[in-house]
């Protein structure tokens, strides 16, 4: 049995031969659901947009979602790590985003469950930028985006694969994504998402404040 690198299911995809794949291993479900062509983007993108708005994000209209290979993404941003699956970019004038200029780029070749949850993460960046929440610190920005991704996996997708991925998010990554996600999650649990969101948008939420609050409660 081999554990899928994407959805963590134990799988006998290569079972009878005993072969072991090189590189990230994908189970049959993840392999069969790969998003690797532009024609596959619009339907899940519309569904995820509706779902994250239902979760409380004010994502503006007119956001372009596109699919690019990792090679193409790294040509655009040479320092982009291999493990990054999505980026959000736009044009700014006087620190405000130009309406209609925001573009979300998702890496081609992701299984559908990851494509959708990565898009939920990137739509959070879009909502923050549209609300003027820029330069708020990587741990807060990425932590909030990962929290929305986690909420999307559990509440909107809720497939067995999505729930396994969501559960694993509390253990993985010791960087601004992982540490920020855990801090935001603990704060939302105590104060609720609307309050945390409004504090972040107002520039009143800090990692130090969140850390001290959780230390007092522990």
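The values are calculated or read from the model by the stated rules, or taken from the named source; none is laboratory data. Model, not experiment: these values are computed from the prediction. In this analysis, Cβ positions are derived from the backbone assuming ideal geometry, glycine residues included, and neighbour counts consider all displayed protein chains.
For this structure, a couple of remarks:
- Which numbered condition residue 103 misses (of (1) surrounded by fewer than 17 Cβ atoms within 10 Å (Cβ to Cβ); (2) within 26 Å of residue 70 (Cβ to Cβ); (3) touching a helix residue (DSSP H, G or I) at 6+ places or on another chain (Cβ under 7 Å); (4) modelled with pLDDT of 95 or more): (3)
Yes/no per residue for (1) under 27 Å from residue 101 (Cα atoms); (2) in contact with a helix residue (DSSP H, G or I) (Cβ under 9 Å, 6 or more places away or on another chain); (3) buried (at least 22 other Cβ atoms within 10 Å of the Cβ); (4) modelled with pLDDT under 95:
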{"site": "124", "(1), (2), (3), (4)": "yes, yes, yes, no"}
{"site": "140", "(1), (2), (3), (4)": "yes, yes, yes, yes"}
{"site": "175", "(1), (2), (3), (4)": "no, yes, no, yes"}
{"site": "180", "(1), (2), (3), (4)": "no, yes, yes, yes"}
{"site": "202", "(1), (2), (3), (4)": "yes, no, no, yes"}
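- When segment 60-78 is filtered for residues that are touching a helix residue (DSSP H, G or I) at 6+ places or on another chain (Cβ under 8 Å), surrounded by fewer than 17 Cβ atoms within 10 Å (Cβ to Cβ) and part of a loop (DSSP other than H, G, I, E, B), only 60 remains.
- Residues that are outside any loop (DSSP other than H, G, I, E, B) and surrounded by 11 or more Cβ atoms within 10 Å (Cβ to Cβ), drawn from segment 30-49: 30, 31, 35, 38, 40, 44, 45, 46, 47, 48, 49
- Here the helices (runs of 4 or more DSSP H) wholly within segment 79-181 that include at least 3 residues being more than 23 Å from residue 205 (Cα to Cα) are 112-130, 160-168.
- Residue check for residue 104: over 19 Å from residue 27 (Cβ atoms) and over 9 Å from the mean Cα position of the chain (by Cα): yes
- Segment 143-171, residues that are out of contact with any helix residue (DSSP H, G or I) (no Cβ under 7 Å at 6 or more places or on another chain) and in contact (Cβ under 8 Å) with a residue 60 or more places away in the chain: 151, 155, 160, 164, 168
- Exactly one residue out of 198, 135, 218 is more than 18 Å from the chain's Cα centre (by Cα), farther than 25 Å from residue 95 by Cα and modelled with pLDDT under 95: that is 218.
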